[in-house]
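The values are calculated or read from the model by the stated rules, or taken from the named source; none is laboratory data. Worth saying up front: this structure is predicted, and the values here are computed from it rather than measured. All Cβ positions, even for glycine, are placed from backbone atoms using ideal geometry, and neighbour counts span all protein chains on display.
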Amino acid sequence: MEKLFSKLDLVDYATSFKHFLAREKPLFMEGDANLHYKLIHELLMRDRLKPLPEVPNLDVALMHLSKMGVLRLSEIFAFVQIVRYFNYLKSILREQSLGEWMERILIPEELQRICDYFDDKGELKASVDEQFAHIAKSLKMVKDEMNSTLRRLISTEKIALYLADKQIHYINNQEALLVRGGFNHVLKGNVIGRSSSGFFLRGSRGTLKVGQS
């Protein structure tokens with residue numbers, strides 16, 4: 001097919017068309033072309049559908065699942081978005097061949113329950129579990145305390161020489177200060193990242209400690 005695109009000078013067009021897809025996949029579907037045409041024609045005859053959610057390529061995540069691996073929350077939410085969209089399609093495509101085709105797509109109840117764990121932004125709902133709600137509340141209190149402590153440190157004259165800037169940076173959702181070399185003379189904490197300007201420093205228990213000069 002790539003050779004045919006090249007002969008017809010359609011390579012650039014095919015490449016740009018892929019940007020309309022929710023995730024990277026071949027442009028041509030395998031199977032009965034006549035059936036595909038019929039289904040696509042029925043879709044075009046309907047009112048405008050809700051846009052597809054943009055999700056990453058999940059080939060690696062599927063491989064991890066096949067080996068009983070553990071997925072990141074972002075990967076789980078990507079699957080949740082796909083399941084939710086299929087639920088949406090099943091709720092509106094109930095007629096003719098499309099309805100028959102959608103009815104053959106069975107989604108296990110366990111997956112439906114997992115979909116209820118997430119909000120629309122991909123965050124876990126605190127209401128899913130009482131213990132989780134308590135943990136989420138405690139984490140928010142700790143984060144607020146960390147943020148307050150970091151802001152106090154920024155205004156401390158003792159460490160001003162070692163700060164690359166006076167901002168609180170978020171590295172993997174962790175609050176940190178950007179410090180220059182030699183910071184260990186006045187600050188105790190963990191380096192969680194680096195940049196061309198210095199080190200991203202975070203306290204070992206959520207707060208940075210000022211040491212002796």
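Numbers for the structure displayed
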{"item": "Test result for Leu49, under 30 Å from Lys125 (Cβ atoms) and surrounded by 13 or more Cβ atoms within 10 Å (Cβ to Cβ)", "result": "no"}
{"item": "Index of the failed condition, Arg72 passing every other in (1) farther than 30 Å from Leu139 by Cα; (2) of a type in the set (D, E, K, R); (3) loosely packed, with under 11 Cβ neighbours inside 10 Å", "result": "(1)"}
{"item": "Single condition Asp129 does not satisfy, out of (1) at pLDDT 80 or above; (2) over 21 Å from Pro51 (Cβ atoms)", "result": "(1)"}
{"item": "Selected residue (criterion: farthest from Ile40 (Cα to Cα)) from residues of the range 83-131 that are in contact with a helix residue (DSSP H, G or I) (Cβ under 8 Å, 6 or more places away or on another chain) and of a type in the set (Ser, Thr, Tyr)", "result": "Ser127"}
{"item": "Odd one out for Ile105 among (1) of a type in the set (A, V, I, L, M); (2) more than 17 Å from the chain's Cα centre (by Cα); (3) part of a helix (DSSP H, G or I)", "result": "(3)"}
{"item": "Residue in the range 19-41 that is surrounded by 15 or more Cβ atoms within 10 Å (Cβ to Cβ), of a type in the set (Val, Ile, Thr) and either farther than 30 Å from Phe5 by Cβ or without any contact (Cβ under 8 Å) to a residue 60 or more places away in the chain (or both) present", "result": "no"}
{"item": "Residue in the range 11-26 that is modelled with pLDDT under 80 and more than 25 Å from the chain's Cα centre (by Cα) present", "result": "no"}
{"item": "Residues within the range 19-59 that are part of a helix (DSSP H, G or I) and more than 24 Å from Ser97 (Cα to Cα), tallied", "result": "3"}
{"item": "Check on Ser66, at pLDDT 85 or above and over 30 Å from Phe5 (Cα atoms)", "result": "yes"}
{"item": "Cross-chain or 6+ apart pairs with Cβ under 9 Å, the range 189-200 first and more than 13 Å from Leu163 (Cα to Cα), then loosely packed, with under 14 Cβ neighbours inside 10 Å", "result": "Gly189/Ser204; Gly189/Lys209; Asn190/Ser204; Ile192/Asn172; Gly193/Asn172"}
{"item": "Test: residue in the range 144-160 that is of a type in the set (Asp, Glu) and either closer than 15 Å to Phe200 by Cβ or surrounded by 11 or more Cβ atoms within 10 Å (Cβ to Cβ) (or both)", "result": "yes"}
{"item": "Residues of the range 108-126 satisfying the condition of being loosely packed, with under 12 Cβ neighbours inside 10 Å and over 17 Å from the mean Cα position of the chain (by Cα)", "result": "Pro108, Glu109, Glu110, Arg113"}
